[in-house]
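Below is one structure, written out as structure tokens; comments come after it.
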Amino acid sequence: MRPLDPELIRRSGAVKGAIAATVFTGLVSAAASVVQAAAAAAVISRAFLQHQPVAALTTQLVAFAAAWFVRSTANTVQDVWARRSGLRAVAALRRDLAAAYGRSDAAPEAMFPLLSRGIDALEVYVARYLPQLVLAILVPVGLGAWILRNDPWTAVILVITIPLIPVFMALIGWFTDSAVTKQWSSVSRITEVVTDLFTGLPDLLIFDRAKSQAELIHKLGSDATHATMRVLRISFLSSFALELIATISVAIMALGIGLRLTSGNIDLETGLMILILAPEVYLPLRQVGTQFHAAVEGMEAWKQAQPMLAQQRTAAEYIDAPLKSLKLRDLSFGYGSALTAPVTAKLKRGTVTTITGHSGVGKSTLLRTLAGLMAPIAGEVTVSGHSVHALDERAWFDRVGYVPQHPWLGHGTLRDALTSGREASDAECSAALAAVGLLDLPLEARIDDLSGGFSVGQRRRIALARYRLRKCDILLLDEPTAAVDAESEAAILHVLEEWRAQGAIVVVVAHRQALVQAATQVLHLERAR
């Protein structure tokens, strides 16, 4: 985890403005603290040692009040400006990431943590941590030079103790990196599993497997809690360490100043002024540590987002010849970590391959990977010698039919959903519906993906009928016979056989035995170990 990422600064146009404004107001606040310390020391020293009346201290009191006002105003302006700059930078990053997601193979389950809490956490990094990093260099140097001018012995203590804070911050940051990575993985895993469970909830209820998933959710929640508590413990210990170093350092200065006061080597006003100002030297360094721990989640999110922002899908030469086979070579897939053991298989034309395995093993994820919608963790999916993730998207998706568990049918009429902008007669549309067992649906029936209107089984069969109206070399179906009766299941099996006879590569995620028995080959997935 790098404390300063040039690529993030380059992508965040508002960062430079935030840093400039924060540094300016921070320097003004530091200068005001010098005036405030000098005025306070003068008032205390002259009032108690020289017994000067309040009227004689008016100048110092006014200077103290003015310095306090300037410092408060500078800090307020700094907070407001940093907040606005951070929001602008985060909005720009979210737009870039959303655009990159549209061009990538990432699953929506993996993107949700990034586009929501992950990118939001970057606001602290942009608006607080980066400006404070600059102030942590300029303010100690400026105040240290002023202290050196007035008391060289105290400056020597500063030179010795200040480097200890960055050293401890580097050590703590090293431990924090590992802890935050585990926390992010735990939280992301919960999102992925819950999404997967909701997607397959109808089938889990049908097979009475819904309650068995409670233990998995409980374990994931417990893992996320432990990971979060570990990060919080490290944050607390780091803050304690930085405060302890600063406190001991100031105590050593106070001891030295006290000894020199008794021997007459320094006057009370100078000693008080330096003691009041000394904590201000360490304050920016301590705040860097605080902001670092507040920003680590955003920095981890940025680390996860970088590959997607840098990824460019290359357009390989498209092959016009019929696709002979779909090859899986040592294929590992999942969200952050592999869900299954590496898969190697060859899916030939004119075959029906069923994918089986326990719930949550990654059957639907494998289908998305085969469709080219999700990049594998390792290995590759090739067609005619080309990786499906290197083919031109438009050309590739024209050759692939993909029916997920909840297909998108759009908004309009049933005819619109079947044709999807292609030319097809009413007779062809009606024949396609009849082939999947939908005999009584009028082509003018309204479809709305937001308000429903059709059952889950009907929607899947409509999506199947859509691919009967255009030729596909590869058909990827996620449990097409779920939530349908026996008669409709027989119709769907007949359609699969027709596709197989036409030479298509048919891959089906299956739970029901009829689908498994109709397959040419079965690909059983085992959990990764």
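Numerical summary
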{"read-out": "Residue match in segment 477-499 (condition: within 29 Å of GLY362 (Cβ to Cβ) and among the hydroxyl-bearing types (Ser, Thr, Tyr))", "value": "yes"}
{"read-out": "Test result for GLU444, buried (at least 16 other Cβ atoms within 10 Å of the Cβ) and acidic (Asp, Glu)", "value": "no"}
{"read-out": "Some residue of segment 199-212 being at pLDDT 75 or above, surrounded by fewer than 17 Cβ atoms within 10 Å (Cβ to Cβ) and part of a helix (DSSP H, G or I)", "value": "no"}
{"read-out": "Pairs with Cβ under 7 Å, 6+ apart, first in segment 155-167 and assigned to a helix (DSSP H, G or I), second surrounded by fewer than 16 Cβ atoms within 10 Å (Cβ to Cβ) and among the β-branched types (Val, Ile, Thr)", "value": "ILE157/ILE252"}
{"read-out": "Residue check, ARG88 of a type in the set (Lys, Arg) and closer than 30 Å to ALA305 by Cα", "value": "yes"}
{"read-out": "Wholly enclosed strands (runs of 3 or more DSSP E) of segment 462-529 bearing at least 1 residues out of contact with any Ser or Thr (no Cβ under 8 Å at 6 or more places or on another chain)", "value": "474-478"}
{"read-out": "Hits in segment 437-478 (condition: of a type in the set (Val, Ile, Thr) and modelled with pLDDT of 85 or more)", "value": "ILE462, ILE474"}
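The values are calculated or read from the model by the stated rules, or taken from the named source; none is laboratory data. Since the model is a prediction, treat every value here as computed from it, not as a measurement. All Cβ positions, glycine included, derive from the backbone under ideal geometry; neighbour counts span all protein chains shown.
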